[in-house]
Structures are given as C-alpha cells and as structure tokens.
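Notes follow once the structure below has been shown.
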Amino acid sequence: MSHHASIVIDDFDRFFYAARTRRGFNAAMTWRTPIIRFSDRERGSSAVEFAIVAPVFLLMVLGIIGYGAYLAMVHDVQQLAAEAARASVAGMSDGERAALAQSAIAAGVGSYPLIAPARLSLDAAATDAATGTFTLTLRYDAGDSFIYTLPYIPMPSRTIVRSAAIQRGGY
C-alpha cells in the first residue's frame, strides 16, 4: 500500500472513530463542515432560481389568460355579427334588415358571457347595389373588461370591430 493511500485510510478511520465517540463529535463535524455548507448553497441557489423564474412564468400565465379572453371576445362579436346577418335575410329593405339584425343581436347577446350588451352597437347595415350583398358591422367597446387591468401585459385595441355579409336573393 502506498504512503498516500494509508493517509487517506487514516483520515477516514479518524473521522469514523470521532463520529462514534462523544468527545470527537465536534472534530468530525468540523471536517464535514465544507460538505454541509455546500448543500446549504444548493438550497439557496434553488431559491434564487425560483425568484428569477417565477415572475416570468406568472407574466406568461397572465398573458395567456388576457389574450385568451380577448380572442374569446373577438370570436363572440364575430358570431353575433354572423347571427345578425343570417337573421336579416328575411327583410325586404335595408331598414327592415337592420331592425331584424338588431333584434337578433339583442336576443343572442345574453349567451355570450364576456360581452356586455350596453357596449355593443350595430354601426352599419346596408346592401351593396352592385353585388347584392347585405353587410353589417358590429362595434364592441371592451374597455371595461378585466383583461385591461392585468399588470404589465400589453393588450390590443379596446375596440373590437367585426363585420358579416350575406348575399341577398339568388346565388
């Protein structure tokens, strides 16, 4: 056995002997102190990593929630416009079609929980003489929605404008 190997074995023997006896316990702990300090550093690094990652993760989650709600509102306004356009087919004039569209919107807006009926308006409803297409435009002011109160999340325009068109008579 080499001289170096015997020193290593002697160190281990001294450590285990000191650990087994009460009087040598402090000596054994001072020998292990660097290992204990290293494990404390590992726990501290996890806390630092969490402190860096958690805010970024929370911002991403808030962004997903905000944009998901915004896209749901856009979809709801588009669906209301399509329903109103389909309901307006029975009208004989643009005024009658607009009234039918308005009543369809009033009847259907209750089934869309993210849409406040008071903030929804029918902007335009007219027939293009060249194509015979009746087009209506809905405007929704989403300014009072919860998504615009989310901190640090840049959101799109507060006004959602969607149109729907339906061909009048024939193909």
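Every number here is computed from the coordinates shown, using simple stated rules; none is lab data. If you're wondering where the values come from, they're calculated on a predicted model, not measured in any experiment.
Taking a ≥ b ≥ c as the square roots of the eigenvalues of the Cα gyration tensor of the range 69-156, is the shape rounded (a/c under 1.5), prolate (a/b larger than b/c) or oblate?
Prolate is the answer for the range 69-156, as a/c is 1.5 or above and a/b outweighs b/c.
Run the numbers for residue 119 and residue 51: contour at 0.36 nm per residue of separation, minus the present Cα-Cα distance, in nm.
So the extension gain works out to 20.4 nm.
Quote to one decimal, in nm, the extra length available between residue 99 and residue 64 on full extension: 0.36 nm per residue of separation minus the C-alpha distance between them.
Fully extending the segment from residue 99 to residue 64 adds 8.8 nm.
Once you keep just the Cα pairs under 8 angstrom separated by 6 or more residues, what percentage relative contact order results for the range 71-167?
Here the relative contact order equals 31 percent.
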